[in-house]
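Q: Before I ask anything, here is the structure I am working with.
The values are calculated or read from the model by the stated rules, or taken from the named source; none is laboratory data. What you are looking at is a predicted structure, and each value in this text was computed from that prediction instead of being measured. Every residue, glycine among them, receives a Cβ derived from its backbone with ideal geometry; neighbour counts consider all protein chains shown. In case anyone asks, the SASA skips ligands and DNA or RNA and just uses the protein heavy atoms, side chains included. Shrake-Rupley method; radii C 1.70, N 1.55, O 1.52, S 1.80 Å.
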Amino acid sequence: MNKVAIVTGSTSGIGKACVELLLKAGVDVIGLGRSDEKINQMIASFSAIGNAKLTMVKGDLSTNHDVLESANALIEVIKSSYEGKLDILFHVAGRVSSGYHENEDGNEVTFATNHLSVFALTHYLYPFMLSSNDPRILVVSSRSHYRASINYKNLQNKSFYNILKAYKRSKLYNVFFVKAFASKMKHIPIYAIDPGLVNTQIGMKGTNKLAQYFWQKHAARGTDAYYPSGFMLDIALKPEYKDLSGHYFLEGRVVKSNPITYRLDHIEHVWNESLKYAKINQYFTHK
Ligand SMILES: NC(=O)c1ccc[n+]([C@@H]2O[C@H](COP(=O)([O-])OP(=O)(O)OC[C@H]3O[C@@H](n4cnc5c(N)ncnc54)[C@H](OP(=O)(O)O)[C@@H]3O)[C@@H](O)[C@H]2O)c1
């Protein structure tokens, strides 16, 4: 049986390139997407690559309820087609937003989508990874996390919201999450990924004209989406990465993340607050 990977954010940019490279490497993929049109395009484009199978699942990641529904739909496929075993989890979905928006849980939407969904989806899916003999989780963070700070009184940027500050902090929390998960769950290696600057459409969605103008100019200097995806595949599949859990990777190499991501008090604080915001009582339920 082929290995099987879940990829969130699978319908465009880096996630879509990861899907293609995983299928070409003979890994079955369960892609999560939020648009019927893009899901159908994915099936039309990638269903016939080699002997690996693509299954697309519809789901959104912006509220606690949506994440749970997405997890349940993904788990259904894991159980029905893969005997309840998941090998690889790629957290790629992400967004930026010019404006401040709160979801139905009262969480700011960039925080909820970029960080809380990673936190909660991993909680729902990791028990299925315990049956894999080589499980790995990749979380796409960003170089922008180096310029982020932490403020315990304003974790979600509810005061003084700013597009870049909200994005950078969400990507900082990705790194805190990777370090926390790695220290709490030794059986499943987890990695924070810095994809570099990549020429995708991320800055053209949920943003105003000014932000779009700057993103287009900035992104034009970026790589194509296959570049970081190639390194991500190495980290997901090659044996030499197995023992490097909890680290931050640039171009397939371990590099130092923001110095504050090594502070155990911050790591624990973000973990404990995330439990509350995601409404999860006990994170590790398999014990
Ligand atoms: N591009 C860069 O330079 C760069 C740099 C550092 C980090 N990153 C990170 O890389 C990841 C991928 O971004 P990208 O640049 O490839 O941009 P992208 O093409 O816009 O990909 C983002 C993906 O996330 C999905 N998504 C957004 N909101 C969602 C939601 N609420 N529920 C479910 N899926 C949702 C999008 O779905 P649709 O296809 O339906 O839009 C899309 O597939 C993100 O985490 C981003 O923060 C990117």
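Q: Output the peptides 87-96, 16-25 sorted from most to least packed, where packing is the average of other Cβ atoms within 10 Å over each peptide's residues.
A: Result, highest mean Cβ count within 10 Å first: 87-96, 16-25.
Q: Of Lys158/Lys179; Lys153/Lys179; Lys184/Lys276, which sit over 20 Å apart, Cα to Cα?
A: Lys158/Lys179; Lys153/Lys179
Q: A further question on this structure: So how strong a dipole does the chain carry about its Cα centre when Lys and Arg Cβ are +1 and Asp and Glu Cβ are -1, to the nearest 20 debye?
A: 780 debye
Q: Counting Lys and Arg as +1 and Asp and Glu as -1, what is the net charge of the other residues whose Cβ lies under 15 Å from the Cβ of Pro228?
A: My count for the surroundings of Pro228 gives 0.
Q: Holding the Cα-Cα limit at 20 Å, pick out from Lys16/Lys217; Lys186/Lys238; Lys16/Lys256; Lys168/Lys256; Lys38/Lys217 the pairs that are longer than that.
A: Listed pairs above 20 Å: Lys16/Lys217; Lys16/Lys256; Lys38/Lys217.
Q: Continuing with this model, one more query. Treating only the Cα positions of segment 145-186 as identical point scatterers, give the base-10 log of I(q)/I(0) from the Debye formula at each q in 0.16, 0.19, 0.26, 0.32 Å⁻¹.
A: Here log10 of I(q) over I(0) equals -0.43, -0.57, -0.86, -1.09.
Q: Rounded to the nearest 500, what is the 222 nm mean residue ellipticity of the chain from helices alone, with -39500 (n - 2.57) per DSSP H run of 4+ residues and division by all residues?
A: Working: 8 runs with 114 residues, N = 287.
Calculated at 222 nm, the ellipticity per residue is -13000 deg cm²/dmol.
Q: At a 1.4 Å probe, what is the % contribution of carbon and sulfur to the accessible area of the chain?
A: 52 percent
Q: Hey, another quick one. Could you estimate the translational diffusion coefficient of segment 117-270 from the Stokes-Einstein equation, with Rh from the Kirkwood formula over C-alpha pairs, at 4 °C and 1.567 mPa s, in whole µm²/s? Spell out each step's value before the answer.
A: Numbers: Rh = 16.6 Å.
For these conditions, the coefficient is 78 µm²/s.
Q: Report the local net charge at Lys58: Lys and Arg +1, Asp and Glu -1, summed over other residues whose C-beta lies under 13 Å from its C-beta.
A: Net of charged neighbours comes to -4.
Q: Do me a favour and compute the ellipsoid semi-axes for the chain from its Cα gyration tensor, root of five times each eigenvalue, largest one first, whole Å. All intermediate terms of the calculation are to be shown ahead of the outcome.
A: On the way: eigenvalues 136, 98, 72 Å².
In descending order, the three semi-axes are 26, 22, 19 Å.
Q: Taking the solvent-accessible surface of protein heavy atoms with a 1.4 Å probe, what is the per residue accessible area of the chain in Å²?
A: Normalised by residue count, the accessible surface of the chain is 44 Å².
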